[in-house]
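Participant: Next up is a structure, given as structure tokens.
The values are calculated or read from the model by the stated rules, or taken from the named source; none is laboratory data. Small disclaimer: the values here were computed from a predicted structure and weren't measured. Please note: Cβ atoms are built from the backbone with ideal geometry, for glycine as well, and neighbour counts cover all protein chains shown. Protein only, heavy atoms only, side chains kept; ligands, DNA and RNA dropped before computing areas. Shrake-Rupley method; radii C 1.70, N 1.55, O 1.52, S 1.80 Å.
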Number of protein chains: 4
Amino acid sequence: MTNETVRDALRAFVGERDWAQFHSPENLAKSVSIEAAELLECFQWSSDADPDRVRDELADVLTYCLLLADRLGEDPDSIVLEKLARTREKYPVEKAHGRSTKYDQL
Amino acid sequence: MTNETVRDALRAFVGERDWAQFHSPENLAKSVSIEAAELLECFQWSSDADPDRVRDELADVLTYCLLLADRLGEDPDSIVLEKLARTREKYPVEKAHGRSTKYDQL
Amino acid sequence: MTNETVRDALRAFVGERDWAQFHSPENLAKSVSIEAAELLECFQWSSDADPDRVRDELADVLTYCLLLADRLGEDPDSIVLEKLARTREKYPVEKAHGRSTKYDQL
Amino acid sequence: MTNETVRDALRAFVGERDWAQFHSPENLAKSVSIEAAELLECFQWSSDADPDRVRDELADVLTYCLLLADRLGEDPDSIVLEKLARTREKYPVEKAHGRSTKYDQL
């Protein structure tokens with residue numbers, strides 16, 4: 001499966017329903033936050049969560065992320081890899097190994 | 001580019017830093033919410049946002065989503081497509097066309 | 001200290017800076033989510049958090065909540081008590097005692 | 001009405017249900033984020049929101065904020081006013097007037 005398959009399926013889903021009118025970058029960013037909180041809700045009272053529910057909510061966060069990327073004309077894989085390159089520099093292995101400390105306090 | 005490329009790059013990044021110990025599903029879910037709010041912050045006072053900043057924050061949300069998917073043994077594309085199939089049923093074209101109403105009020 | 005003191009201090013702060021123009025209910029709701037995530041960030045990798053930082057971030061969430069309440073013409077204490085009355089009914093003591101289960105699954 | 005009334009009502013509600021065991025600072029911080037997103041959901045597709053629903057969701061965010069403050073032994077009004085004093089310094093009237101710019105870019 002390639003990203004294009006997913007992107008095209010999402011575009012068709014949105015197009016058939018004429019929903020692009022609601023999908024401003026701002027509304028999609030709000031939607032990412034809303035779905036992220038539903039994912040977090042799986043862990044509200046315990047670190048044990050129902051895997052099916054987590055998968056379901058994660059899918060919703062990813063869906064809005066992909067819709068936003070497409071709206072912005074960005075390739076999801078590329079922006080993740082570009083950011084990773086910068087994060088590698090902020091967290092050099094020799095400093096960050098085995099530590100969850102934020103880069104500005106390393 | 002395929003998803004495996006991104007997944008392997010993320011695994012190498014985490015492995016080199018010995019960070020898997022911090023990446024419980026719960027911590028990753030918190031991280032998705034935290035980064036989603038940074039994405040939302042691009043739009044805090046205006047629907048106009050700096051595209052570079054949005055891309056950067058979106059990359060962070062996606063990164064934690066991919067780390068969580070990998071931790072759960074799920075393929076990101078597959079769970080998005082599976083969820084989309086269910087969402088199609090909840091929002092039939094003839095009912096949902098041009099409307100942002102939630103499915104339980106359609 | 002009474003709520004009026006806090007409300008008046010917040011109104012003066014906003015008024016002096018001419019910031020009411022930015023404080024639409026929607027922008028304040030986004031701000032509550034953004035600050036809530038900064039509070040959550042205190043606990044991102046551990047359930048142990050720096051108490052000073054938690055207090056600081058909690059103050060920010062509360063501040064935007066109070067600004068939103070004032071914008072809506074609502075008294076914060078009253079809406080909390082009204083909601084509590086309804087929550088009491090959804091979670092009767094005999095059913096909810098010692099359980100974190102959501103009301104629709106009790 | 002004073003804050004003590006609300007605090008005591010919340011304490012009684014929690015005590016009767018034996019829920020303090022679930023109310024670690026971390027769980028309450030997660031709950032604040034989760035409820036903040038439900039507040040945001042009122043504005044997901046439009047800046048117009050149903051006032052009753054907004055009031056209801058705002059009450060939930062406030063409730064978890066007050067539970068967290070009580071758990072930390074903090075007085076909500078005091079921490080808001082203390083933070084406000086510091087925010088006044090970060091945003092001097094002459095610099096911040098009529099601008100939504102973040103303090104580090106003023």
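Here's the yes/no breakdown for (1) away from chain A (no Cβ under 14 Å); (2) in contact (Cβ under 8 Å) with a residue 60 or more places away in the chain; (3) not hydroxyl-bearing (Ser, Thr, Tyr):
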position: D:8; (1), (2), (3): yes, no, yes
position: D:41; (1), (2), (3): no, no, yes
position: D:47; (1), (2), (3): no, no, no
position: D:57; (1), (2), (3): no, no, yes
position: D:66; (1), (2), (3): yes, yes, yes
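Participant: I would also like to ask the following. What number goes with the only condition from (1) in a helix (DSSP H, G or I); (2) open to solvent by 30 Å² or more (accessible area, probe 1.4 Å); (3) of a type in the set (S, T, N, Q) that residue C:47 does not pass?
Facilitator: The failed condition is (1).
Participant: Please count how many residues of the range D:10-19 are more than 18 Å from residue C:58 (Cβ to Cβ) and more than 7 Å from chain C (Cβ to nearest Cβ).
Facilitator: 3
Table: residues versus (1) within 20 Å of residue C:42 (Cβ to Cβ); (2) charged (D, E, K, R).
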{"position": "D:9", "(1), (2)": "no, no"}
{"position": "D:33", "(1), (2)": "yes, no"}
{"position": "D:55", "(1), (2)": "no, yes"}
{"position": "D:61", "(1), (2)": "yes, no"}
{"position": "D:80", "(1), (2)": "yes, no"}
{"position": "D:86", "(1), (2)": "yes, yes"}
{"position": "D:90", "(1), (2)": "yes, yes"}
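Participant: Another one. Among the listed residues A:80, A:61, A:32, A:93, which satisfies the condition of being over 25 Å from residue B:99 (Cβ atoms), within 14 Å of the chain's Cα centre (by Cα) and of a type in the set (Val, Ile, Thr)?
Facilitator: Exactly one residue qualifies, and that residue is A:80.
Participant: Okay, next question. Test residue B:66 against the criterion of being open to solvent by less than 50 Å² (accessible area, probe 1.4 Å) and farther than 19 Å from residue A:11 by Cα, and give yes or no.
Facilitator: When the stated conditions are applied, residue B:66 passes them.
Participant: I need a count of the residues in the range A:76-106 that are at the interface with chain B (Cβ under 8 Å from one of its Cβ atoms), in contact (Cβ under 8 Å) with a residue 12 or more places away in the chain and either among the acidic types (Asp, Glu) or open to solvent by 40 Å² or more (accessible area, probe 1.4 Å) (or both).
Facilitator: Total satisfying the criteria: 1.
Participant: While we're on this one: Mind telling me which of the residues C:9, C:20 ends up being within 14 Å of residue D:84 (Cβ to Cβ), modelled with pLDDT of 95 or more and surrounded by fewer than 19 Cβ atoms within 10 Å (Cβ to Cβ)?
Facilitator: That would be C:9, the only listed residue that is within 14 Å of residue D:84 (Cβ to Cβ), modelled with pLDDT of 95 or more and surrounded by fewer than 19 Cβ atoms within 10 Å (Cβ to Cβ).
Participant: Quick one: which residue in C:29, C:36 is in a helix (DSSP H, G or I) and touching a Leu at 6+ places or on another chain (Cβ under 8 Å)?
Facilitator: Just one listed residue meets the conditions, C:29.
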